Amino acid sequence: MSNKLEISRRSLLLSGAVGAAGLAVSSLPFGRALAAGSLSVGFIYVGPRDDYGYNQAHAQGAAALKKLPGVKVTEEERVPETVDVEKTMESMINLDGAKLIFPTSFGYFDPYVLKLAKKYPDVTFMHCGGLWKEGEPDNAHSYFGYIDEAEYLSGIVAGHATKSKKLGFIAAKPIPQVLRNINAFTLGARSVDPSITTQVIFTGDWSMPVKEAEATNSMADQGIDVVTCHVDSPKVVVETAEKRGMFTTGYHANQAALAPKGYLTGAEWNWEVLYPSFVADVLAGKTIPHLVRGGLKEKIVKTSPYGAMVGAAARKQADAVKAQLEAGTFVIFKGPIKDNKGNTVIAASVSQGQTDIALESMSYLVEGVIGSTS
Amino acid sequence: MDETSIGWWGVPLAIFAGAIRISTPFLFVSLGEMVTEKSGRINLGLEGTLIMGAMSGYGIAYLTGSPWLGVLVAGLVGIAFGMLHAGICSLPKVNDIAVGIALMLLGTGLAFYLGKPLVQPQAPNLPSINFGWWSDLQQVQSALKINALFIIGVVLAPVFLWALRNTRWGLILRIVGDSSDAARAMGYSPLAVRLAATAFGGFMAGVGGSFLSLYYPGSWNEGLSSGQGITAVALVIFARWNPMNCLWASLLFGGASALGPALQSVGVTQGYYLFNAAPYVLTLLILVLSSSSHRHIAGAPGELSVTR
Amino acid sequence: MNSDLVLRFGAGAKIFAVSLFAIVLSLIVFGIFVALSGVNPLDVYDLMYMGAFGSWFSWQNTLLRSAPLLLTALCTALPAQMGMVIIGGEGAFVLGGLAAAAAGLLLSDMNAPALIVQGVMVIAGMCAGGAIIASAGALRHWRGVNETISSLLLSYICIAVLNQMVEGPMRDPTSLNKPSTRALPDWAMLGNIPGMDIHVGLIFGLLFCIVAYVLMFHTTFGFAARMVGGNVRAARMAGLPVGRLILVVTFLGGAAAGLGGMIEVAAVQGRANATIASGYGLTGILVAFLARQNPLIVIPVAILLGGIDASGGLLQRRLDMPDASVVVLQGIIFVILLASESVQGHLNILGWLPRIKPRTSAVAAAKGAE
């Protein structure tokens, strides 16, 4: 009696195995691509890669790689920072033959990238976040961009655009990267008019559409007329601001299409320039530094083209500062800078250039920001 | 420079405006679920229905250019999901809560799968009606820009209350919900009535979902719902199956959701996670206070599994 | 006794056969679905097999992913024996992880021996997870609050508490851009099973499933608990301490999920942070229902779902399918399996099995609430 069951199970397994053998050759182009001596590159995103934001910026970088001859790109999105990402990377190595992996979320590095870099010394890991420390595996690399430079420029444009002298910044969490952006944006705006303030609202997580919309609305109610954000997908903030007749500056990618009336400019990643250069180095067998950082000068970040509503004065001032940033002669965090509780955080004689390690652990909001870091 | 600011007055205003903006999906889902539960069945799958409604409504609005057509299709998709739920539940030995959880998963998965190409495009949004013309304050004006769906929901609540008490349909629904045997004795088929009630609940949830994607926040992505559908099911229980209470509960929940951002915008910046959790704490508290192990919850349908 | 065993085995085989049938049917329906969206279903099956069970690497991947599911499934399956539907496993998991991290940091600061640190972490994780689900049980028993809804709400609250703690009082100031507690020292971490790339959490999971099965189906305690699930009034009349039974069983369910959280901290993350809440608790609900709430059947089901999860990446990478493909498949399996439940015993399409009459109402109740 139970034989039937046995048979059905066995035949099921059998047909599965036959299917596997038959299809493995026909449907999967990877074996051949590798045989041609090319490079298989894996991209891992923490969210959807068409989010008008963080992940889309990386996906645009991946798209640039797809155009290169001999480079095969595989992508996996919405991979959480758990064993999922560890196994995704290993799967890319074992099943796709990936030799170069881009784990693009900050939280992928420790412990996952570190662990796998030790285990697979012939695979190169290019992590986005700028985390590598001395003593960590040689084949692990981490890069990041000084996007606060572009935020400073956005701040200048916002400072010219605001009538109420009140700006808004919707952010996920009070972490150093975010605080640095808020501060740069505010410093840029206050270089136009020192009476300008920036209201900050933390939503608590990287993707919370209803909270983001609600924060934008409550800012509009408080008379704020330019709003920007640091969340994974700025789409909701930009669209809501457009509906409320506010100006916006974008983040991560270009959101101008979402807000034709209000999109002033924005701070964007420029991964489509950086990633092909990494691949070229890997193919040429060149050593890539463990930490790669840069801003406008190194073309790692860029600004969105100005919207038509941006006035001549704003363009002139922003362009002038941009030229200095591109030349590497402008310092954003230049003392004296006070935090919003009145303490001096950067003394008058101190000038913290972009590479200054102190900026990496920023824990304050500068004078003029309304909000607190905890 | 301060003429545009209303300072601390912004908090109650933001909570009021937030209550109206955020409550609509809760209102629609809870009103629909109220009808379903009155028939003696609980549909936890409305979370999946809501997300499917949001996705399909957005997709149709994008393809046809008509947001109202999107709302309609979202409702129809909701009916399909409701009927699927009712259909499986009408099989013997099937637990309605389990089916609900299954459909929550299926609806979410399908919506994410099919909605992938809809994350980028912008669909036309539902219009709002301006009730704030009398005020000079731009904040008041914007708070009183109210979507027609919200008004429909507000009107539906008393209509439902009246219909439940005074119409033949309402009577049949209540009889089926209180005792299948009695209903059968009177010649009504409990399964058919529950099918209709669950399909209706699905319709309302689908429409509620389309509000999310077509009005507020007004775009489609995978993070759109943070559990609004399933929370609305909880709201029905603490609203004690009374449509007017569904309305108040939804408004309360919407207002509580607006509390976090509103307080931050006037400078209260501590503990925003706890403020974000406020709606859930509130729901749980009211649920605890309004329940009792000794007596049946007033208004609870006798056939409803969650109250037995 | 002997005939009892046969009966039990027969019932098990029948559940297995019906489930297998449902899963095969689900794969076919899923195949039609992907074919409609323009993907060759044979490619999909092939890749799923390859990603889940096609190699030793894939097997380890699958088993690793199933480890937390074994524990979170018990959070739903154990209370289900008493007719309760608990869906708050995510909250218990998260709170368990947080409590374990707190306890582990405290003790490792005092340089306690590794075994003690780990032992206390296990206890802390289990107590925290157990307390949260037991409170849902208590609310149900003493206040008549529906446990499905309350456990869900508690789950949301637990996640908020986790976030508040790791970004506030428990935050390591040097965890710059990903707020976390301090990291546990390496010596306090749980290691891998020797010879495998799978942490010992898998063993905890398997052990707990077996213990839970024995407890619920082969002890007087379990019999009493299932009797409450069958008929509360009858159980009361029989003099059973209903309230205490509910408390203990819900506590055990929550404790299993809390242990899962502890393992996530002590074997994977090394610290508590927001990523602990990444949905293991939710998938656990699915596992429990697919396993018909039977702790022993939880094991193969968790492995199956771990496998589906493990294969999702390949579908994305090779066929450019959305990441939600696996959720669609899970949803289809769930729906079809529930529908097939009513087929079981009624149509008896699998006629080779002897007809089985449940011994007591408790057995019938064990198959699911009402």
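What's the total number of residues in the range C:148-176 that are of a type in the set (Val, Ile, Thr) and over 13 Å from residue B:231 (Cβ atoms)?
Residues flagged as of a type in the set (Val, Ile, Thr) and over 13 Å from residue B:231 (Cβ atoms) within the range C:148-176 amount to 4.
Every residue in the range A:214-228 that is among the charged types (D, E, K, R) and more than 7 Å from every other protein chain (Cβ to nearest Cβ), please.
Once the filter is applied, which keeps residues that are among the charged types (D, E, K, R) and more than 7 Å from every other protein chain (Cβ to nearest Cβ), the range A:214-228 yields only A:225.
Residues that are of a type in the set (S, T, N, Q) and modelled with pLDDT of 90 or more: which helices (runs of 4 or more DSSP H) entirely in the range B:98-210 hold 1 or more of them?
By residue number, B:148-166.
Looking at the structure I just gave you, is residue A:218 free of Cβ contacts under 8 Å to residues at least 40 places away in the same chain, among the polar types (S, T, N, Q) and assigned by TED's automatic domain parsing to the domain that holds residue A:317?
Yes; evaluated as a whole, the condition is true for this residue.
Residues in the range A:225-234: is at least one of a type in the set (Ser, Thr, Tyr), modelled with pLDDT under 95 and more than 15 Å from residue A:54 (Cα to Cα)?
No - not one qualifying residue is present in the range A:225-234.
Which ones in the range B:81-112 are within 8 Å of chain C (Cβ to nearest Cβ), farther than 16 Å from residue B:47 by Cα and of a type outside the set (S, T, N, Q)?
If the condition is that a residue be within 8 Å of chain C (Cβ to nearest Cβ), farther than 16 Å from residue B:47 by Cα and of a type outside the set (S, T, N, Q), then B:88, B:91, B:92, B:93, B:94 are the ones that fit.
Which of the residues spanning the range C:41-50 are at the interface with chain A (Cβ under 7 Å from one of its Cβ atoms) and within 12 Å of residue C:315 (Cβ to Cβ)?
Residues satisfying the conditions are C:43, C:45, C:46, C:49, C:50.
Can you name every residue in the range C:139-187 that is of a type in the set (Lys, Arg) and assigned to a loop (DSSP other than H, G, I, E, B)?
Answer for the range C:139-187, where residues must be of a type in the set (Lys, Arg) and assigned to a loop (DSSP other than H, G, I, E, B): C:171, C:178, C:182.
When you check residue A:251 against the structure, is it outside the structural domain of residue A:160 (by TED's automatic domain parsing) and either surrounded by 23 or more Cβ atoms within 10 Å (Cβ to Cβ) or touching a Phe, Trp or Tyr at 6+ places or on another chain (Cβ under 6 Å) (or both), yes or no?
Judged against the criteria, residue A:251 is not a match.
Suppose the filter is aromatic (Phe, Trp, Tyr) and within 17 Å of residue B:149 (Cβ to Cβ); does residue B:58 pass it?
Taking the combined requirement at face value, the residue satisfies it.
If I ask for residues that are within 23 Å of residue A:272 (Cβ to Cβ) and more than 8 Å from chain B (Cβ to nearest Cβ), which ones from the range A:233-247 would you list?
A:234, A:238 - these are the residues of the range A:233-247 that are within 23 Å of residue A:272 (Cβ to Cβ) and more than 8 Å from chain B (Cβ to nearest Cβ).
I'd like to know if the range C:128-141 contains one or more residues that are under 24 Å from residue A:111 (Cβ atoms) and either polar (S, T, N, Q) or more than 10 Å from chain B (Cβ to nearest Cβ) (or both).
Yes; the residues of the range C:128-141 include at least one that is under 24 Å from residue A:111 (Cβ atoms) and either polar (S, T, N, Q) or more than 10 Å from chain B (Cβ to nearest Cβ) (or both).
Can you confirm whether the range A:312-323 contains a residue that is farther than 12 Å from residue A:153 by Cα and either part of a loop (DSSP other than H, G, I, E, B) or in contact with a Lys or Arg (Cβ under 8 Å, 6 or more places away or on another chain) (or both)?
No, every residue in the range A:312-323 fails to be farther than 12 Å from residue A:153 by Cα and either part of a loop (DSSP other than H, G, I, E, B) or in contact with a Lys or Arg (Cβ under 8 Å, 6 or more places away or on another chain) (or both).
Can you pull out the helices (runs of 4 or more DSSP H) entirely within the range A:70-181 that have at least 1 residues that are among the aromatic types (Phe, Trp, Tyr) and away from chain C (no Cβ under 14 Å)?
A:148-161
Taking residue A:196 as the residue in question, decide whether it is over 22 Å from residue A:302 (Cβ atoms) and surrounded by 20 or more Cβ atoms within 10 Å (Cβ to Cβ).
So residue A:196 fits the description; yes.
What tally of residues in the range C:154-189 results from selecting those that are without any contact (Cβ under 8 Å) to a residue 12 or more places away in the chain, among the hydrophobic types (A, V, I, L, M, F, W, C) and within 14 Å of chain B (Cβ to nearest Cβ)?
Looking only at that region, the number is 1.
Across the range B:232-255, what is the number of residues that are more than 8 Å from every other protein chain (Cβ to nearest Cβ), in a helix (DSSP H, G or I) and buried (at least 23 other Cβ atoms within 10 Å of the Cβ)?
The qualifying residues number 12.
When only residues in the range C:24-45 that are β-branched (Val, Ile, Thr) and touching a residue at least 12 places away in the same chain (Cβ under 8 Å) count, which is surrounded by the most Cβ atoms within 10 Å (Cβ to Cβ)?
Step by step, filter the range C:24-45, then rank; the result is C:44.
If a residue must be in contact with a helix residue (DSSP H, G or I) (Cβ under 6 Å, 6 or more places away or on another chain), among the hydrophobic types (A, V, I, L, M, F, W, C) and at pLDDT below 95, how many such residues does the range C:108-138 contain?
Counting residues in the range C:108-138 that are in contact with a helix residue (DSSP H, G or I) (Cβ under 6 Å, 6 or more places away or on another chain), among the hydrophobic types (A, V, I, L, M, F, W, C) and at pLDDT below 95 gives 1.
Kindly establish whether residue C:16 is aromatic (Phe, Trp, Tyr), within 14 Å of chain A (Cβ to nearest Cβ) and under 18 Å from residue C:209 (Cα atoms).
Judged against the criteria, residue C:16 is a match.
The values are calculated or read from the model by the stated rules, or taken from the named source; none is laboratory data. None of the values given here were measured: they were computed from a predicted structure. Positions of Cβ are backbone-derived with ideal geometry, glycine not excepted, and every protein chain shown enters the neighbour counts.
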